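Student: First the structure, then my questions, so here it is.
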Amino acid sequence: MKKLWNNKDTRRNLFTYALVIIAFVVVQIMLGGGMLGYAAKGFLVPVCVYISLAVSLNLLVGVCGELSLGHAGFMGIGAFSGIVMSVVLQNLIPNDVLRLIASMIFGGILAGAFGFLIGIPALRLRGDYLAIVTLAFGEILKNVFSNLYVGTDANGVQFSFSASGVSLAEGGKMILDGPVGATGITKLATFPMGFVLILFTLFVVLNLINSKEGRAIKAIRDNRIAAESVGINVTAFRMKAFVVSAFLAGMAGALFGLNYSSLTASKFNFNTSINILVFVVLGGMGNIMGSVISATVLYILPEALRELEDYRMILYAVVLIVVMLCTWSPKIKGAIAAWKASITEKLSLNKKKGVGNNG
Amino acid sequence: MKKLLAMVLTVVMAVSVFAGCQPAANNAADANTLKIGMTGPLTGGAAVYGTAVEAGMKIAVAEINAAAEKNGGLKIEFKSQDDEHDNEKATNAYNALKDWGMQIFAGAVTTGPCLAIAPSTVSDNMFMMTPSGSSDKIALTGNNIFQMCFTDPNQGSSAAQLVFDKKLGEKIGVIYDNSDDYSKGLLNGFKTKATELGMTIVEETSFTADNKSDLSTQVNQCKDAGCDFIFLPIYATEASQILTYANKIGYAPKFFGCDGMDGVLTIDGFDAKLAEGLMLMTPFNPDAAESKAFVDQYKAMMNDTVPNQFAADGYDVIYSIYNACVALSINGETPADEVCAKLVDYFKTYKFDGLTGSGMTWDANGMISKIPAAVVIADGKYQAL
C-alpha cells in the first residue's frame, strides 16, 4: 500500500477519482437539501457528458499526441444511435436504467467501429493533416445525420436517406427525421448515470495510460522513430487510442442525446469539437484531472454569467486567455513557481522555529 | 498535503460556481407584476430573428406598463435569455427563467429550441406561446403550447392555393434548403396542395446550410427547365443571392416567398430594387396604417430598421397573453400551473386582434388560424397582392 502511495502517478489518479466522488457527493447533498435551482439541475448531466468527452479526447490529443477535430462526430454517432436503440428496446427492456446502459454501450460500440474504419485511412496521416481529415470527417457525419431518416413500426426499423424512403405502418414512429433531428425523446439520462460514466471513462483512460500500451503510446508521441526502432507497432497503438477515444465519446454522446427531448444534427458541428478541444487544452494536455476541472468550470461559466447578457461572451474569452497565460506562459509560470518557493521557504522556516504546524 | 489542499479548493470552487446558479432569493412574487420570460437567439447566426422578437415584445411591455392603470395596475416584468439557436443552450435558458420565477413562457423564437423546450413546459405545466416557431410539431407536443405564426405545412399549402387562384405560374420551380426544417415543412405543404390542384412542379432543387454561399447552379437549373414561377420557401438572405444572380443572367421569372422572406428589403449589400415584383406571404405589413405607431417605436429602438413580421409576432404574443390575463384576473401571485390551466381554457374561445391579423383564433392543438395575406413588393414597399 505504501509502495502504491509513493508512486506519483497512482497518487495523482487516486486524487482524480476522489475529486470526482467528492464532487458527486456534495452535489447529491445539495440536491437533497433543495439548494440547486432549475438551471443548476439542468447542468448536471451535460457537465458529466463534457467531462467524459474531454477526458476521452485528452487520451487522443494529450497522451497520443494526435490532434483530432472530429470528436463531436463520434459524440453524434453515439447520440443518434443511442436514441434509436432506446426506442427500439422500449418493449424489450422496460427498465429505464438498463435501457440507458444498453443504449450507451451500443452508441459506444458504433462510434468505436466508425473510429476504426476512419482510423484506417486517417491514421496514415500525422499532425495537421490528421486534424484536417478528422475535421472533414466530423462535417461529413453531421451532414449524414441531417439526411438520415429512421423510423420504427411493428415490422422493425427502417433506414433511409430520403423522407419518402421510410414508409411506416399504422402506429409506427419516426425516430430521426432528417434536419428536424430526433424529437419526442424519452429522457433517460440521470445524474448518477453521468457520474458512473465519468468513473468508467476515468477507469479506462487512466488504466490505459499507466499500462504497457500507454507507455508505448506515449513513446510514439515523444519520438515516433525511436519507438518504431524498438519494435513498437506504431499504427496499432495509435489505432487503439483512437478507437478507445471514439468509443468513450460515443457513450458520452448517447447519454447526451438521451438528456434532451429533441436533438438536431447541427449540434455536432465543428464548434462542439473545438469546444471539447478547448476543455482539453485549458486543462492541460495529458492532464486528466485538468480536463475534468476545466470541462466543469468552462461549461458552467457562460451559463453562470447569463446575468451579464451579451458581455458574457467577452468575459468567457477573457477567462480563456487568462487561463492560457497563467498555465502556459513561461514568464507567469516562473513567477508563480518563485512565489510558491518563497511560501514553502517561509513555511519551512516557521516549522523549524516551531511556530507553524500546517504542511 | 498540498495536493489535497488544491483538491479541496477545487471542489469548493466548483460548488461555488454551482451555487452561483441557485434561485435568487429576491424573486418573490409581486401581485401587480406578471413575469413573462422569453428565449431566443440574441447572438449568433439567427440573431436577426431573436432580436426582432425581443424588441417587439419590449415595445409591447413598455406600452402595457405605461397604461397599466387602465387594467387595474397589472404590469409586466419581462426577461429575455439568449439561446444562440441551440437546443442545449435553450434548455439552460429556459431553466434560468424558471429560477427567475417566470409565470408565462413567450418563446422560443426558432423551431429547434421550441421543440427542445416544449416537453419541459408540458411537464412543468407552463403556458407557452411561441411567436415564430412554425413547425407543426411544436403545438402538437402538448395542449399548453400555442403558436402565433402559421405552421409550415399550412402556410405552404395556402401558398399553393394562392398561386393557383391568381394563376401566377404554369411551370413551377422550387429552390429549398434541404438542411432546414422550416424550408422542408413549407415545401411539403406546397407540394401536397399543388398536386391536389393539378399544378406541375417542373424543377425541384435544393441547397444545404453548408453550401449556400453560391446558389447560381440552382438558378440555372430552374432556367434550363424553363420555369416561369419560382417558389422560394427559404429565408431572405439566401433569397437575396438568388435574386441577384437571376438578375445578372437576365432571367426574370416570378419569385414567390413565404414569411421567412420578410426582411429582404433590409439585407446589407443587397440592391432592394432587385426585389421589385417579388411576392411573399406575410401576416404583417409595416406600410399599413394600423402598424404605424408600432413601426415608429421600433425604428426609434432599432436604429431605423423597419420591423419584420417576427417583431410584430412578438408584440402580438405579449398583448394576447396580457389581455387574457387581465380578463381572467391572473396576477403576479398566481402560480404558473394555475396560470397555464386558466389560459389554456381561455384560448379555446379567445378572439384576438393584433398587428398580424384580426379575429385570430386558436384550434384545440394551439395552432393559429388567421387570414393568410400575401404582398407584392412595388416601389420598395409592400402592397397587398
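The values are calculated or read from the model by the stated rules, or taken from the named source; none is laboratory data. Values in this document were obtained by computation on a predicted structure and should not be read as measured data. For neighbour counting, all protein chains shown are included, and Cβ atoms are generated from backbone atoms with ideal geometry for every residue, glycine included. These accessible areas exclude ligands, DNA and RNA; they are computed on the full protein's heavy atoms, side chains included. Shrake-Rupley method; radii C 1.70, N 1.55, O 1.52, S 1.80 Å.
Student: A:Thr201 versus (1) farther than 27 Å from A:Val27 by Cβ; (2) among the hydroxyl-bearing types (Ser, Thr, Tyr); (3) away from every other protein chain (no Cβ under 14 Å): which is the lone unmet condition?
Tutor: (1)
For (1) over 27 Å from A:Ala39 (Cβ atoms); (2) within 14 Å of chain A (Cβ to nearest Cβ); (3) in contact (Cβ under 8 Å) with a residue 40 or more places away in the chain; (4) open to solvent by 50 Å² or more (accessible area, probe 1.4 Å), each residue gets a yes or a no:
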site	(1), (2), (3), (4)
B:Met38	no, yes, yes, no
B:Gly44	no, yes, yes, yes
B:Ala47	no, yes, no, no
B:Met57	no, no, yes, no
B:Asn71	yes, no, yes, yes
B:Leu74	yes, no, yes, no
B:Ala90	no, yes, yes, no
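Student: Looking only at segment A:39-73, filter to residues that are over 27 Å from A:Ala23 (Cα atoms) and not aliphatic (A, V, I, L, M); which one of those is most open to solvent (accessible area, probe 1.4 Å)? Steps first, please.
Tutor: From segment A:39-73, those over 27 Å from A:Ala23 (Cα atoms) are A:64-70, A:73; that's our starting set.
Subset that is not aliphatic (A, V, I, L, M): A:64-66, A:68, A:70, A:73.
On the way: A:Cys64: 6, A:Gly65: 43, A:Glu66: 17, A:Ser68: 1, A:Gly70: 1, A:Gly73: 1 Å².
Selected residue: A:Gly65.
Student: Has segment A:248-271 got any residue that is more than 24 Å from A:Ala189 (Cβ to Cβ), open to solvent by 30 Å² or more (accessible area, probe 1.4 Å) and not polar (S, T, N, Q)?
Tutor: To start, the set of residues in segment A:248-271 that are more than 24 Å from A:Ala189 (Cβ to Cβ) comprises A:270.
From what is left, the residues that are open to solvent by 30 Å² or more (accessible area, probe 1.4 Å) are A:270.
Narrowing the set further to residues that are not polar (S, T, N, Q) leaves A:270.
Taking every residue of segment A:248-271 in turn, at least one turns out to be more than 24 Å from A:Ala189 (Cβ to Cβ), open to solvent by 30 Å² or more (accessible area, probe 1.4 Å) and not polar (S, T, N, Q).
Student: Same structure, new question: Output the residues belonging to segment B:183-204 that are open to solvent by 10 Å² or more (accessible area, probe 1.4 Å) and among the hydroxyl-bearing types (Ser, Thr, Tyr).
Tutor: Within segment B:183-204, B:Thr192, B:Thr195, B:Thr200 meet the criteria.
Student: Which of the residues that make up segment A:220-242 are open to solvent by less than 40 Å² (accessible area, probe 1.4 Å) and in a helix (DSSP H, G or I)?
Tutor: At the first step, the residues of segment A:220-242 found to be open to solvent by less than 40 Å² (accessible area, probe 1.4 Å) are A:220, A:227, A:232, A:234, A:238-239, A:241-242.
Across segment A:220-242, the qualifying residues are A:Ile220, A:Ala227, A:Val234, A:Arg238, A:Met239, A:Ala241, A:Phe242.
Student: Just one of the numbered conditions (1) surrounded by 16 or more Cβ atoms within 10 Å (Cβ to Cβ); (2) outside any loop (DSSP other than H, G, I, E, B) is not true of B:Ala300; which one?
Tutor: (1)
Student: State which residue pairs qualify: first residue farther than 13 Å from B:Pro283 by Cβ and inside segment B:305-319, second residue among the polar types (S, T, N, Q) and open to solvent by 20 Å² or more (accessible area, probe 1.4 Å) in any location, beta carbons under 9 Å apart, and separation of 6 or more residues or different chains.
Tutor: So the pair list comes out as B:Thr305/B:Thr266; B:Val306/B:Thr266.
Student: While we're on this one: Is it true that some residue in segment B:322-343 is more than 16 Å from the chain's Cα centre (by Cα), open to solvent by less than 10 Å² (accessible area, probe 1.4 Å) and under 20 Å from B:Gly40 (Cβ atoms)? Write out each step before concluding.
Tutor: Keep residues of segment B:322-343 that are more than 16 Å from the chain's Cα centre (by Cα), which gives B:322-343.
Of the ones still in play, those that are also open to solvent by less than 10 Å² (accessible area, probe 1.4 Å) are B:322, B:324-325, B:330, B:332, B:339-340, B:343.
With the extra rule that they be under 20 Å from B:Gly40 (Cβ atoms), the set shrinks to B:322.
Checked against the condition, which is being more than 16 Å from the chain's Cα centre (by Cα), open to solvent by less than 10 Å² (accessible area, probe 1.4 Å) and under 20 Å from B:Gly40 (Cβ atoms), segment B:322-343 yields at least one hit.
Student: Within the bounds of segment A:167-178, is there any residue that is in contact with a Pro (Cβ under 9 Å, 6 or more places away or on another chain) and either in a helix (DSSP H, G or I) or open to solvent by 60 Å² or more (accessible area, probe 1.4 Å) (or both)?
Tutor: Just the residues of segment A:167-178 that are in contact with a Pro (Cβ under 9 Å, 6 or more places away or on another chain), to begin with: none.
Scanning segment A:167-178, I find no residue that is in contact with a Pro (Cβ under 9 Å, 6 or more places away or on another chain) and either in a helix (DSSP H, G or I) or open to solvent by 60 Å² or more (accessible area, probe 1.4 Å) (or both), so the answer is no.
Student: Got a sec? Which of A:Val150, A:Val133, A:Val180, A:Val166 is touching a helix residue (DSSP H, G or I) at 6+ places or on another chain (Cβ under 6 Å) and farther than 16 Å from A:Gly76 by Cβ?
Tutor: On the way: A:Val150 fails: farther than 16 Å from A:Gly76 by Cβ; A:Val180 fails: farther than 16 Å from A:Gly76 by Cβ; A:Val166 fails: touching a helix residue (DSSP H, G or I) at 6+ places or on another chain (Cβ under 6 Å).
Criteria check complete, one pass: A:Val133.
Student: Now, a different point. Could you go through segment B:278-285 and let me know if any residue there is within 20 Å of the chain's Cα centre (by Cα) and either open to solvent by 30 Å² or more (accessible area, probe 1.4 Å) or under 20 Å from B:Ile64 (Cβ atoms) (or both). Spell out the reasoning first.
Tutor: Taking segment B:278-285 as the starting set, the residues that turn out to be within 20 Å of the chain's Cα centre (by Cα) are B:279-285.
From what is left, the residues that are either open to solvent by 30 Å² or more (accessible area, probe 1.4 Å) or under 20 Å from B:Ile64 (Cβ atoms) (or both) are B:284-285.
Yes, segment B:278-285 has at least one match.
Student: For residues that are of a type outside the set (Val, Ile, Thr), within 14 Å of another protein chain (Cβ to nearest Cβ) and open to solvent by 10 Å² or more (accessible area, probe 1.4 Å), tally how many sit in segment B:205-219. Reasoning before the result, please.
Tutor: Of all residues in segment B:205-219, those of a type outside the set (Val, Ile, Thr) come to B:206-207, B:209-216, B:218.
Remaining after also requiring within 14 Å of another protein chain (Cβ to nearest Cβ): B:206-207, B:209-212.
If we keep only those that are open to solvent by 10 Å² or more (accessible area, probe 1.4 Å) as well, we get B:206, B:209-212.
Qualifying residue count for the region: 5.
Student: Let me ask something else about it. For segment A:129-165, give me each residue that is away from chain B (no Cβ under 14 Å), within 21 Å of B:Lys184 (Cα to Cα) and either of a type in the set (Lys, Arg) or buried (at least 19 other Cβ atoms within 10 Å of the Cβ) (or both).
Tutor: Those that are away from chain B (no Cβ under 14 Å), within 21 Å of B:Lys184 (Cα to Cα) and either of a type in the set (Lys, Arg) or buried (at least 19 other Cβ atoms within 10 Å of the Cβ) (or both): A:Val150, A:Gly151.
Student: Would it be correct to say that A:Leu349 is in contact (Cβ under 8 Å) with a residue 12 or more places away in the chain and hydrophobic (A, V, I, L, M, F, W, C)?
Tutor: On the way: in contact (Cβ under 8 Å) with a residue 12 or more places away in the chain: no; hydrophobic (A, V, I, L, M, F, W, C): yes.
When the stated conditions are applied, A:Leu349 does not pass them.
Student: A further question on this structure: For B:Thr121, state whether it is in contact (Cβ under 8 Å) with a residue 12 or more places away in the chain, open to solvent by 10 Å² or more (accessible area, probe 1.4 Å) and among the polar types (S, T, N, Q). Steps first, answer last, please.
Tutor: Values: in contact (Cβ under 8 Å) with a residue 12 or more places away in the chain: yes; open to solvent by 10 Å² or more (accessible area, probe 1.4 Å): no; among the polar types (S, T, N, Q): yes.
So B:Thr121 fails the test.
Student: Report whether or not B:Leu97 is over 24 Å from A:Tyr311 (Cα atoms) and either open to solvent by less than 30 Å² (accessible area, probe 1.4 Å) or assigned to a helix (DSSP H, G or I) (or both). So that I can check it myself, show each step before the final result.
Tutor: Values: over 24 Å from A:Tyr311 (Cα atoms): no; either open to solvent by less than 30 Å² (accessible area, probe 1.4 Å) or assigned to a helix (DSSP H, G or I) (or both): yes.
The answer is no for B:Leu97.
Student: So how many residues does segment A:28-75 have that are within 13 Å of chain B (Cβ to nearest Cβ) and small (Gly, Ala, Ser)?
Tutor: 7
Student: Continuing with the same structure: Do the conditions hold for A:Gly214, that is, is it on the phi < 0 side of the Ramachandran plot, of a type outside the set (A, V, I, L, M) and not in a strand (DSSP E or B)? Can you show your working first?
Tutor: Values: on the phi < 0 side of the Ramachandran plot: yes; of a type outside the set (A, V, I, L, M): yes; not in a strand (DSSP E or B): yes.
Yes; evaluated as a whole, the condition is true for this residue.
Student: Within segment B:220-252, take every residue that is over 21 Å from B:Gly156 (Cβ atoms) and β-branched (Val, Ile, Thr) and give me the one that is surrounded by the fewest Cβ atoms within 10 Å (Cβ to Cβ).
Tutor: The residue in question is B:Ile249.
Student: Looking only at segment A:254-304, which residues are part of a loop (DSSP other than H, G, I, E, B), in contact with a Gly (Cβ under 9 Å, 6 or more places away or on another chain) and within 12 Å of chain B (Cβ to nearest Cβ)?
Tutor: Applying the first criterion (part of a loop (DSSP other than H, G, I, E, B)) to segment A:254-304 yields A:258-262, A:264, A:269, A:284-287.
Checking which are in contact with a Gly (Cβ under 9 Å, 6 or more places away or on another chain) leaves us with A:258-259, A:261-262, A:264, A:269, A:284-287.
Hits for segment A:254-304 are A:Asn259, A:Ser261, A:Ser262, A:Thr264, A:Asn269.
Student: Against the definition (more than 10 Å from chain B (Cβ to nearest Cβ), closer than 22 Å to B:Asp83 by Cβ and not in a loop (DSSP other than H, G, I, E, B)), how does A:Val319 come out, yes or no? Don't jump to the end; show me each part of the working.
Tutor: On the way: more than 10 Å from chain B (Cβ to nearest Cβ): yes; closer than 22 Å to B:Asp83 by Cβ: yes; not in a loop (DSSP other than H, G, I, E, B): yes.
In short, yes.
Student: For B:Glu84, indicate whether it is assigned to a loop (DSSP other than H, G, I, E, B), among the charged types (D, E, K, R), over 19 Å from B:Gly185 (Cα atoms) and at the interface with chain A (Cβ under 10 Å from one of its Cβ atoms). Write out each step before concluding.
Tutor: Numbers: assigned to a loop (DSSP other than H, G, I, E, B): yes; among the charged types (D, E, K, R): yes; over 19 Å from B:Gly185 (Cα atoms): yes; at the interface with chain A (Cβ under 10 Å from one of its Cβ atoms): yes.
In short, yes.
Student: For B:Asn154, all conditions in the list (1) over 22 Å from B:Ser369 (Cβ atoms); (2) away from chain A (no Cβ under 14 Å); (3) at pLDDT below 90; (4) not in a loop (DSSP other than H, G, I, E, B) hold save one; what is the number of the exception?
Tutor: The single condition B:Asn154 does not satisfy is (1).
Student: Let me ask something additional. Pick from segment A:125-151 the residues that are under 28 Å from A:Asp177 (Cα atoms) and among the aliphatic types (A, V, I, L, M): which of them is farthest from the chain's Cα centre (by Cα)? Steps first, please.
Tutor: Filtering segment A:125-151 down to residues under 28 Å from A:Asp177 (Cα atoms) leaves A:133-151.
Next, only the ones that are among the aliphatic types (A, V, I, L, M) stay: A:133, A:135-136, A:140-141, A:144, A:148, A:150.
Details: A:Val133: 20, A:Leu135: 17, A:Ala136: 20, A:Ile140: 20, A:Leu141: 18, A:Val144: 22, A:Leu148: 25, A:Val150: 26 Å.
Among those residues, the one meeting the criterion is A:Val150.
Student: Can you name the residue in segment B:124-147 that is in contact with a Ser or Thr (Cβ under 7 Å, 6 or more places away or on another chain) and more than 14 Å from chain A (Cβ to nearest Cβ) and is also surrounded by the most Cβ atoms within 10 Å (Cβ to Cβ) among such residues?
Tutor: Among residues in segment B:124-147 that are in contact with a Ser or Thr (Cβ under 7 Å, 6 or more places away or on another chain) and more than 14 Å from chain A (Cβ to nearest Cβ), the one surrounded by the most Cβ atoms within 10 Å (Cβ to Cβ) is B:Gln147.
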